[in-house]
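What follows is a set of notes on a single structure, which appears directly below.
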């Protein structure tokens, strides 16, 4: 099923206009596994000149795709969901190797994404217009009727992050193509190989050439150019607040949807089910090492149950399995995505470690 994505020496290709293409200039970016630092493949390092052609092909494909009946689009999405579930192990395995996602989370992401595609395929069938009587507007009566229809936007640029390379790509692709748009998927560098596998799923499901395209490359080279490209009609981005703010500052008179970072809180009241609360806080904070925009990052707890909560959390956290998910199938705390992420976490912990050491020294003396 996944043949043709990769040419010799582990060099992957992008899906562009229905063809699997290497970079025109032969430039590539090495993708290294966080598990052991080994190179797992090379992705094309595209230039802004190549982006022009991709946008052109996406616009051409959208003109015919928008005329396809909704029920036909829905059928293609349903097939894509079936293929995803069929290839769940392969997709989960590449996620595990490329972004070090633990096995449970990787399989769950594929299953959840397939379910989301099916939900979208059903929902699009109810995406109807409406008729509004003329007397709803000042100066008119019921002899006139206003007819409202839903029209696709055109070309949607979907920019997905590393931590959910399937789910947060699917959540952009499925609604866009269901509504009659074409899509250009720009995944994060770490996660690009998984995204290429995902594009193959949609291709096998029967999505016409050019309706879904993938572009890979360094954000510093193609990022600004692709978000400001006049041929892109809508931007759907998930990622850091800093990058989201930059996109917002660059884009003018173009609709966009930004899903950025946050400081998600768990709120614990005195009448809570403590067992359920502890389990959900630990899962929310530590699964995939907390590398999720929705991860629990702080806890607001009523004083009456604070001591009990801390004691239970400490015991539960001490029992978490850590390590390489290839070696430990039940690992929850896994290697972070790269050294920069690991350094950042160490910097967050350092003040607390130093403070604890000072307190310990004071007590000993």
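Pairwise alpha-carbon distances in the chain exceed 40 Å for 24% of all pairs. Reported to the nearest whole Å, the Cα centre-to-centre distance from the stretch 79-155 to the stretch 192-256 is 17.
Rank the residues 73, 27 as a footprinting-exposure proxy: fewest other Cβ atoms within 10 Å of their Cβ go first.
Details: 73 22, 27 15.
Ascending number of Cβ neighbours within 10 Å: 27, 73.
Here the sum of -39500 (n - 2.57) over DSSP H runs of 4 or more residues, divided by the residues of the chain, equals -15000 deg cm²/dmol at 222 nm, to the nearest 500.
Could you work out the mean projected area of the convex hull around the alpha carbons of the stretch 212-365, in square nanometres to one decimal?
Values: hull surface 58.1 nm².
Computing the convex hull of the Cα atoms and averaging its projections yields 14.5 nm².
Bridges between two residues of the chain, per DSSP, are antiparallel at a rate of about 40%. Of 116, 164, the sequence from fewest to most neighbouring Cβ atoms within 10 angstrom is 116, 164. When DSSP beta bridges are restricted to pairs lying wholly in the stretch 125-212, around 35% turn out antiparallel. With equal scatterers on the alpha carbons only and no solvent term, can you work out the Debye log10 of I(q)/I(0) for the stretch 262-334 at 0.19 1/Å? Relative scattering, expressed as log10 I(q)/I(0), comes to -0.78.
Computed over the Cα atoms of the stretch 38-107, what is the convex hull's projected area averaged over all directions, in nm²?
Values: hull surface 28.2 nm².
Dividing the Cα hull surface by four gives the mean projection, 7.1 nm².
Shown for 28, 149, 322: other C-beta atoms within 10 Å of each C-beta, ranked fewest to most, produce the order 149, 322, 28.
Using a Gaussian network model of the chain in which every pair of alpha carbons under 10 angstrom is joined by a spring, one finds that among 207, 96, 257 the greatest mean-square fluctuation is at 257.
Please give the contour-minus-distance gain from residue 122 to residue 149: 0.36 nm per residue of separation, less the Cα-Cα distance, rounded to one decimal in nm. Intermediate results must be reported in sequence, preceding the final value.
Numbers: separation 27, 0.36 × 27 = 9.72 nm, distance 1.87 nm.
7.8 nm is the gain from fully extending residue 122 to residue 149.
Every number in this text was worked out from the coordinates using simple rules, so none of it is lab data. A quick note: this is a predicted structure, and the numbers were derived from the prediction, not measured. Cβ: placed from backbone, ideal geometry, glycine included. Neighbour counts: every protein chain shown.
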